[in-house]
Amino acid sequence: MNRSCYKSCLTNQRLRRGTQLSVLALAVCAVDASYAWTAESAQDPVTRQERCLLRSDTQNLQDGYGETPVTLVFNGEALLVVTTSEIDPGFSDLEMVIDDKASLKTAKVAKKTIVLFDSELPSLVEQFKAGSWATVYLRFWPTWPATQRFPAKFTLKGFTKAYSDFERCRQGRSQNNQAISAMVEGLTTTGSSMGIRSTVLTTRE
């Protein structure tokens, strides 16, 4: 359950305790939690190209100086931890922990503000499907004075369904690309044939 929804639930409970409205508010929040992950066709945070993405809810995290939004984005090639603050990979301790069990570390950073986990992706996807929570530990610049790592915790509820939607999105884009390629090839072939015919007619004249 995301933070804003949780606060809304608590408010409704306090204001309408024992009423049907509070029960309804809790039900709405429960439904909302199942959509913590969504599949969409959008601009890739790294390449800026339109593609299918699988995106988590955004968490707001203190970076030692202020607040920065943090979002997990899966693009099929890597799991991206997208922030608006500059990441510090200098301590080699950028990490993701799934249910306090599986731990993955990386030193890869793109555009200074995006952490990349791009190894053993099939295993990572399966762990996300089976897991409940993923916590990323980030460190932000500057390295001096050194601050500490900052954790951002994401629910994995709804990931499996959203991943199926993500796969369908990719299949749809692939089919569209194939259809466009076939159309372009057909037009090119037709154009070439017309050019050859025109050349033959000109030669005969």
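Which members of segment 108-140 meet the condition of being surrounded by 15 or more Cβ atoms within 10 Å (Cβ to Cβ) and among the aliphatic types (A, V, I, L, M)?
Answer for segment 108-140, where residues must be surrounded by 15 or more Cβ atoms within 10 Å (Cβ to Cβ) and among the aliphatic types (A, V, I, L, M): V109, A110, I114, V115, L116, L124, V125, A134, V136, L138.
Every residue in segment 151-168 that is buried (at least 18 other Cβ atoms within 10 Å of the Cβ) and not in a loop (DSSP other than H, G, I, E, B), please.
Within segment 151-168, A152, F154, T155, F159, A162, F166 meet the criteria.
Out of segment 75-103, which residues are aliphatic (A, V, I, L, M) and in contact with a helix residue (DSSP H, G or I) (Cβ under 9 Å, 6 or more places away or on another chain)? Walk me through it before giving the result.
Restricting attention to segment 75-103, the residues satisfying the condition of being aliphatic (A, V, I, L, M) are 78-82, 87, 94, 96-98, 102.
Across segment 75-103, the qualifying residues are A78, L79, M96, I98, A102.
If I ask for residues that are of a type outside the set (S, T, Y) and closer than 13 Å to D63 by Cβ, which ones from segment 137-146 would you list?
Taking segment 137-146 first, the residues of a type outside the set (S, T, Y) are 138-142, 144-146.
Passing the criteria: L138, R139, F140, W141, P142.
If a residue has to be in contact with a Gly (Cβ under 7 Å, 6 or more places away or on another chain) and assigned to a strand (DSSP E or B) to count, how many in segment 112-144 make the cut? Quick ask: steps written out before the conclusion?
Filtering segment 112-144 down to residues in contact with a Gly (Cβ under 7 Å, 6 or more places away or on another chain) leaves 140, 143.
Okay, now just the ones that are also assigned to a strand (DSSP E or B), so 140.
Number satisfying all stated conditions: 1.
Which condition does E67 not pass, out of (1) closer than 15 Å to W37 by Cα; (2) of a type in the set (D, E); (3) without any contact (Cβ under 8 Å) to a residue 24 or more places away in the chain, if it passes all the others?
(1)
Taking segment 94-107 as the region of interest, how many residues are among the charged types (D, E, K, R) and surrounded by 15 or more Cβ atoms within 10 Å (Cβ to Cβ)? Step through it out loud before you land on a result.
Of the residues in segment 94-107, the ones among the charged types (D, E, K, R) are 95, 99-101, 105.
From what is left, the residues that are surrounded by 15 or more Cβ atoms within 10 Å (Cβ to Cβ) are 95.
Adding up the residues that qualify gives 1.
Quick grid of which residues meet (1) buried (at least 16 other Cβ atoms within 10 Å of the Cβ); (2) outside the structural domain of S174 (by TED's automatic domain parsing); (3) under 29 Å from Q171 (Cβ atoms):
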{"site": "S41", "(1), (2), (3)": "no, no, yes"}
{"site": "D44", "(1), (2), (3)": "yes, no, yes"}
{"site": "Q49", "(1), (2), (3)": "no, no, yes"}
{"site": "C52", "(1), (2), (3)": "yes, no, yes"}
{"site": "R55", "(1), (2), (3)": "yes, no, yes"}
{"site": "Q59", "(1), (2), (3)": "yes, no, no"}
{"site": "Q62", "(1), (2), (3)": "no, no, no"}
{"site": "G66", "(1), (2), (3)": "no, no, no"}
{"site": "P69", "(1), (2), (3)": "no, no, no"}
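The values are calculated or read from the model by the stated rules, or taken from the named source; none is laboratory data. Small disclaimer: the values here were computed from a predicted structure and weren't measured. Quick reminder, even Gly has a Cβ in these numbers, built from the backbone with ideal geometry, and neighbours come from all protein chains shown.
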